[in-house]
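The structure appears below as structure tokens.
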Amino acid sequence: MQYSADGQSDGTATVQFPQPGFLASVFRDLGADQGPEPEGAAGRPAPGRLGAGPAGDDQSAPGGPSDPNSADPNSAAPNPTEPNPDDPAIAAHARAAALTHHRTLTVQAEHDRLADLLRRAALPVSAMDFESQLRHYEPRPYPGDGPGADEGSEPRWEDFAPAEPAAADPEGGASRRLLDSGYQRELAQARLTHQRALREWRTRRAEAGSPAADESRRAHEAAEEARARAVREYNDSLEECRRAYRLAEPAAVESLLERALAAAETATQDLSAPCRAVFRPLTRTAVLDLDLPPLDLVPSLTGYRLAPDGDIVPVPRPPADRATDYLRLVARLALRSLQAADAVDTDEILAGVVLNGWLREPGVVEPLCLLSVDADRDALARTRLLPPETPYEDRDDEGVYADAEQDEALVRLRQLGAAVTPDPYARTVVRPAAQAGATVPAAPDLSANEFAQLVRDLLTRGGLAEWSVRLRGPAGLVATGEGSPGSALPGRWVVWASRDSASVGVEQIETLAEAVREESADRGLRLTTGRFADEALDLTAEESHRHIHLIDGDGVRELARTHLGLPLAAGR
């Protein structure tokens with residue numbers, strides 16, 4: 001009811017309609033196109049409508065509040081063409097739309113977290129070499145030796161007094177304007193400062209010779225001496241580790257590598273991806289085992305939608321897009337570990353790095369190898385391990401995700417000859433380049449680069465210089481070398497080395513002899529970690545093939561013990 005100025009009812013009523021924004025939000029959440037705004041919904045009342053404001057009321061209009069023929073205002077009926085928000089079906093749709101929106105926001109948060117992990121995983125790491133780990137001792141002053149503690153004279157007022165204000169007349173000289181409020185404030189503050197300094201000076205003089213002050217100073221000096229001793233002992237131990245590292249002792253090399261790998265994980269501490277290191281002095285190669293993040297880290301949905309029947313339906317992502325996003329993250333973690341190992345090796349102890357990415361799932365005994373890299377030092381030096389720019393860009397056509405063939409991290413891994421699973425969610429595994437389980441490795445445990453490095457070290461220490469690899473593969477290599485006349489291997493050689501358990505037959509000896517003729521070499525060397533057939537041994541005993549020399553698995557192990565001083569286990 002409306003009331004006049006005298007407090008009496010004037011016989012009119014105001015009808016309260018539901019807020020117009022409610023239905024609009026419901027239809028917007030349902031995904032429906034919003035139609036034309038209802039008449040009077042935006043605060044623009046139409047003439048003749050009940051409840052219009054004073055600016056738009058037409059009190060004399062038919063049906064208006066002042067019309068005597070109008071119906072009882074207390075029995076005003078709702079508009080039959082406008083949906084009733086109290087309808088149970090509409091309320092259920094509104095709740096379903098709100099729940100759909102909330103679940104979609106949750107999925108979007110998962111996508112945002114993945115994008116943030118991709119960015120942080122590509123951040124460059126700092127080198128954790130020995131120089132960066134050195135500690136420095138800086139003595140801390142005794143608390144009683146504050147500013148002016150060494151001064152024997154009493155604080156003077158002249159040292160604290162503020163400068164007098166300048167005269168209003170530049171030619172009249174300086175004057176002391178006692179009525180200047182700013183100068184008076186500075187003067188009062190200076191007097192307080194002077195009194196505080198004078199009081200502290202007198203307190204220090206009074207406590208200088210007290211037993212408590214002497215005991216406090218002695219305790220402070222003892223604590224500082226302990227700090228200095230701890231820094232010296234730490235630096236001495238670090239220097240001892242550095243000497244052991246330069247001697248390629250496995251414990252020292254592994255300790256340095258794992259410190260560098262742990263420091264590289266600082267940017268993604270909320271992502272569990274530890275990396276362990278094993279160093280093999282026989283080939284001077286570090287084998288890194290990287291634990292890959294779980295597969296469910298990458299969102300499997302793009303969001304949710306509300307079906308016409310009111311059900312909330314998840315919208316799955318294409319499996320190829322999900323696999324690509326997981327591989328992009330894995331590639332960045334692998335590149336970060338390779339960069340950490342390469343940056344810490346300032347003394348160039350490592351000849352190569354092998355990295356295996358393992359997926360360890362709950363309830364599964366054997367981990368799955370989804371990624372493997374076998375890179376020598378030269379390949380690491382030639383490859384920029386991390387993208388120079390941000391790992392993703394927000395573009396209208398692709399969002400934060402990109403094609404696997406164009407992803408920078410995956411391209412760099414493939415340039416290193418990495419083996420990457422095509423589908424991690426199908427659990428498609430790859431063969432590890434090398435295994436780091438055995439303390440004393442056998443030939444099958446070595447990677448292709450490790451085996452090539454082992455053969456080169458054995459023969460160059462035996463006198464074969466100017467080493468040049470012509471062909472190299474997982475099973476072996478073909479190379480040429482030049483030995484000086486006074487060495488154990490004089491002349492030009494063609495070397496064919498392989499690691500396999502099958503016996504070497506006559507055909508391979510004939511092939512090597514033909515390669516020796518084509519290269520105009522003097523001799524040929526056939527090296528295998530297995531054995532030779534009797535026919536091959538008989539052939540090299542003939543006059544036409546006496547320039548072909550043979551070394552079997554026992555000979556390789558004997559050369560490793562003689563020239564390298566390290567054992568090589570028998571092949572399995």
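Assorted remarks:
- Reported count of residues in region 263-281, each being assigned to a helix (DSSP H, G or I), open to solvent by less than 40 Å² (accessible area, probe 1.4 Å) and in contact with a strand residue (DSSP E or B) (Cβ under 9 Å, 6 or more places away or on another chain), is 1.
- Matching residues, region 553-572, being open to solvent by less than 40 Å² (accessible area, probe 1.4 Å) and either without any contact (Cβ under 8 Å) to a residue 60 or more places away in the chain or of a type in the set (A, V, I, L, M, F, W, C) (or both): Gly555, Val556, Ala560, Leu564, Leu568, Ala569
- If you go through region 460-472 and keep only what is surrounded by 15 or more Cβ atoms within 10 Å (Cβ to Cβ) and touching a residue at least 60 places away in the same chain (Cβ under 8 Å), you end up with just Gly462.
- Filtered by the rule that a residue be closer than 21 Å to Phe451 by Cβ and not in a loop (DSSP other than H, G, I, E, B), region 344-370 gives Gly352, Val353, Val354, Leu355, Asn356, Cys369.
- Annotation: of all residues in region 522-537 being of a type in the set (A, V, I, L, M) and more than 50 Å from the chain's Cα centre (by Cα), the one that is most open to solvent (accessible area, probe 1.4 Å) is Leu537.
- Any hit, region 215-227, residues being of a type outside the set (A, V, I, L, M), within 24 Å of Val125 (Cβ to Cβ), in a helix (DSSP H, G or I) and in contact (Cβ under 8 Å) with a residue 60 or more places away in the chain: no
- Listed by first and then second residue, the pairs linking a residue in region 325-336 that is farther than 13 Å from Leu370 by Cα to a residue that is in a helix (DSSP H, G or I) and of a type in the set (D, E, K, R), with Cβ atoms under 7 Å apart and 6 or more places separating them unless they lie on different chains, are Leu335/Arg412.
- The listed residue being hydroxyl-bearing (Ser, Thr, Tyr) and closer than 30 Å to Arg317 by Cα, out of Thr528, Thr511, Thr428: Thr428
- For region 306-324, the tally of residues that are without any contact (Cβ under 8 Å) to a residue 40 or more places away in the chain, out of contact with any strand residue (DSSP E or B) (no Cβ under 8 Å at 6 or more places or on another chain) and of a type outside the set (Asp, Glu) stands at 3.
- When Arg305, Arg284, Arg384, Arg317 are checked against the criterion of being more than 21 Å from Pro432 (Cα to Cα), in contact with a helix residue (DSSP H, G or I) (Cβ under 8 Å, 6 or more places away or on another chain), open to solvent by 10 Å² or more (accessible area, probe 1.4 Å) and modelled with pLDDT of 90 or more, Arg305 stands alone in meeting it.
- Counting only residues that are over 23 Å from Pro567 (Cβ atoms), outside any strand (DSSP E or B) and either among the aliphatic types (A, V, I, L, M) or in contact with an Asp or Glu (Cβ under 6 Å, 6 or more places away or on another chain) (or both), region 282-303 holds 5 of them.
- Residues in region 322-343 include none that are open to solvent by less than 30 Å² (accessible area, probe 1.4 Å) and part of a loop (DSSP other than H, G, I, E, B).
- Residue check, Val278 within 30 Å of Asp376 (Cα to Cα) and of a type in the set (Val, Ile, Thr): yes
- Boolean, Ala197 is farther than 30 Å from Ala569 by Cα, under 53 Å from the mean Cα position of the chain (by Cα), open to solvent by 50 Å² or more (accessible area, probe 1.4 Å) and modelled with pLDDT under 90: no
- Listed conditions (1) closer than 27 Å to Glu138 by Cα; (2) surrounded by fewer than 16 Cβ atoms within 10 Å (Cβ to Cβ); (3) among the small types (Gly, Ala, Ser) are all met by Ala260, apart from (2).
- Number of positions in region 162-194 that are modelled with pLDDT of 80 or more and open to solvent by less than 40 Å² (accessible area, probe 1.4 Å): 5
- Residues of region 240-262 satisfying the condition of being in a helix (DSSP H, G or I), in contact (Cβ under 8 Å) with a residue 24 or more places away in the chain and of a type outside the set (Val, Ile, Thr): Cys241, Arg242, Tyr245, Arg246, Pro250, Glu254, Leu256, Leu257, Arg259, Ala260, Leu261
- Total residues in region 433-448, condition of a type outside the set (A, V, I, L, M) and open to solvent by less than 30 Å² (accessible area, probe 1.4 Å): 3
- Verdict on Thr203 being without any contact (Cβ under 8 Å) to a residue 24 or more places away in the chain and β-branched (Val, Ile, Thr): yes
- Among the residues of region 479-511, those identified as surrounded by 20 or more Cβ atoms within 10 Å (Cβ to Cβ) and farther than 12 Å from Asp552 by Cβ are Ala479, Gly481, Gly483, Leu489, Trp493, Val494, Val495, Trp496, Ile509.
The values are calculated or read from the model by the stated rules, or taken from the named source; none is laboratory data. It should be emphasised that the depicted structure is a prediction, and the values quoted were computed from it without experimental measurement. Virtual Cβ from ideal backbone geometry, glycine too; neighbours counted across all protein chains shown. Heavy atoms of the whole protein, side chains included, go into the accessibility calculation; ligands, DNA and RNA do not. Shrake-Rupley method; radii C 1.70, N 1.55, O 1.52, S 1.80 Å.
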